[in-house]
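The values are calculated or read from the model by the stated rules, or taken from the named source; none is laboratory data. None of the values given here were measured: they were computed from a predicted structure. Every residue, glycine among them, receives a Cβ derived from its backbone with ideal geometry; neighbour counts consider all protein chains shown. SASA here: full protein model, heavy atoms, side chains in, ligands and nucleic acids out. Shrake-Rupley method; radii C 1.70, N 1.55, O 1.52, S 1.80 Å.
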Amino acid sequence: MEIVVFGAGSLGSLVGGLCAREHHVTLVGRDPHIQAVRDSGLHVGGAFDFTVRPAARTDPPPSADLALVTVKAFDTDDAARALVDCDLDAVCSLQNGLGNEERLATRLDGVLAGTCTYGARLVEPGRVECTGIGEIALGAPDGGRSACAERVGRALRRAGVETTVADDMPRRLWKKLAVNAGINPTTALARVENGALADEPLHGIAGDAARETARVAREQGVDLGDDEAVAALDAVVEATAANTSSMLQDVRAGRRTEIDAINGAVVDRADAPVPVNRTLAGLVRAWEAGDQ
Ligand SMILES: NC(=O)C1=CN([C@@H]2O[C@H](COP(=O)(O)OP(=O)(O)OC[C@H]3O[C@@H](n4cnc5c(N)ncnc54)[C@H](OP(=O)(O)O)[C@@H]3O)[C@@H](O)[C@H]2O)C=CC1
Ligand SMILES: CC(C)(CO)C(=O)C(=O)O
């Protein structure tokens, strides 16, 4: 399969590197990483140890069978615009947050929804680390079966990527959102590793954010219970106890966060008040707008 990875930073380089063991992969990203991959290939370390030589460029190729979109959520519109002239059969977002598929589908056909629990870190140009083996789940954005998703799932599995083709993507996206809505802003504001959310008072704050998210999911017709959302949060807190969340990494580096696509998305979609998500979103946005 011809696969283009749009947004070859941490996650895109990991997934692109894994896929390049079996498929023809083009990484689309920025220099100096792209130049390093061209010069010396991509080394995938951490849980893996191999080097591959995917094509690497700073703009998309004219065509591919599949585009995996791995830019931060606030760059999704740019990704959609950049991919318009690339002839594609399928496009799959692996991003966190809500609304990425809708934004891609405003300009592109064949959009699939995806979630990813692999952990990735770009350590230096040309070198990415897998910080945790997880899985990709993908399927039709509105749920149900999709022949296109089955094809993409088979291709990813052939490359050794743990992949589930799911007919309940809305539910999976909301469940992941509940986890991120609890963990990401709480760890970013308190400046703690994920494991600190096992104890009060942070457990209560993150749990309330996850419960509110589950309630909004139900308002949207998605069957996600409060207890299930909190259990998912607790499981990720335990499994990633030593992790620095992506939002805390962004805050520490003075970068823009994905708050709009995470807690902001919960607030935007809520019919009834969601005070915890509103407060967390407001505080992180105030930090973004400040001197940092
Ligand atoms: N890292 C992880 O372990 C995981 C990440 N995710 C999700 O995956 C998404 C990506 O995360 P992550 O990989 O960490 O983010 P990164 O910032 O490391 O990667 C995104 C890359 O895309 C590049 N990019 C953005 N716009 C363009 C463009 N127009 N042309 C070329 N390159 C572009 C960025 O460059 P620049 O920064 O210069 O704009 C950056 O290098 C997020 O939604 C995240 O929440 C999900 C699961 C795990
Ligand atoms: C699952 C979690 C919270 C792991 O740190 C994550 O997705 C993130 O940091 O963005």
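Search the range 1-51 for residues being part of a loop (DSSP other than H, G, I, E, B) and touching a His at 6+ places or on another chain (Cβ under 7 Å), and hand back the single one that is farthest from Arg154 (Cα to Cα). Applying the filter and picking the extreme gives Ala8. The set of residues in the range 195-237 that are closer than 26 Å to Thr70 by Cβ, more than 16 Å from ligand 1 (Cβ to nearest atom), open to solvent by 50 Å² or more (accessible area, probe 1.4 Å) and part of a helix (DSSP H, G or I) is empty. Taking the conditions (1) of a type outside the set (Ser, Thr, Tyr); (2) under 22 Å from Val216 (Cβ atoms); (3) within 12 Å of ligand 2 (Cβ to nearest atom) in turn, Ala239 satisfies each one other than (2).
Assessment of the range 34-49 against the conditions (within 25 Å of Gln249 (Cβ to Cβ), open to solvent by 20 Å² or more (accessible area, probe 1.4 Å), among the small types (Gly, Ala, Ser) and within 16 Å of ligand 2 (Cβ to nearest atom)) yields at least one matching residue.
Of all residues in the range 157-194, those satisfying the criterion of being of a type in the set (Lys, Arg), within 16 Å of ligand 1 (Cβ to nearest atom) and open to solvent by 50 Å² or more (accessible area, probe 1.4 Å) are Arg172, Lys175. A Cβ distance below 7 Å, combined with a sequence gap of six or more or placement on separate chains, defines the contacts here; from the range 266-291, residues that are surrounded by fewer than 17 Cβ atoms within 10 Å (Cβ to Cβ) reach no residue that is at pLDDT below 95. Criterion applied to Asp65, Asp89 was being out of contact with any His (no Cβ under 9 Å at 6 or more places or on another chain), part of a strand (DSSP E or B), of a type in the set (D, E, K, R) and open to solvent by 30 Å² or more (accessible area, probe 1.4 Å), and the one residue passing it is Asp89. Of the residues making up the range 181-194, just one is not charged (D, E, K, R) and not in a helix (DSSP H, G or I), namely Val192. Pairs are defined by a Cβ separation below 9 Å, a sequence spacing of at least 6 or placement on different chains, a first member in the range 165-183 that is without any contact (Cβ under 8 Å) to a residue 40 or more places away in the chain, and a second member that is of a type outside the set (A, V, I, L, M, F, W, C) and within 12 Å of ligand 1 (Cβ to nearest atom); the pairs so defined are Ala166/Thr115. The residues of the range 241-263 that are in a loop (DSSP other than H, G, I, E, B) and surrounded by fewer than 21 Cβ atoms within 10 Å (Cβ to Cβ), listed by number, are Ala241, Ala242, Asn243, Thr244, Ala253, Gly254, Arg255, Arg256. Taking the criterion of being outside any loop (DSSP other than H, G, I, E, B), under 24 Å from Arg57 (Cβ atoms) and open to solvent by 20 Å² or more (accessible area, probe 1.4 Å), the residues of the range 120-156 that qualify are Ala120, Arg121, Leu122, Val123, Glu124, Arg127, Glu129.
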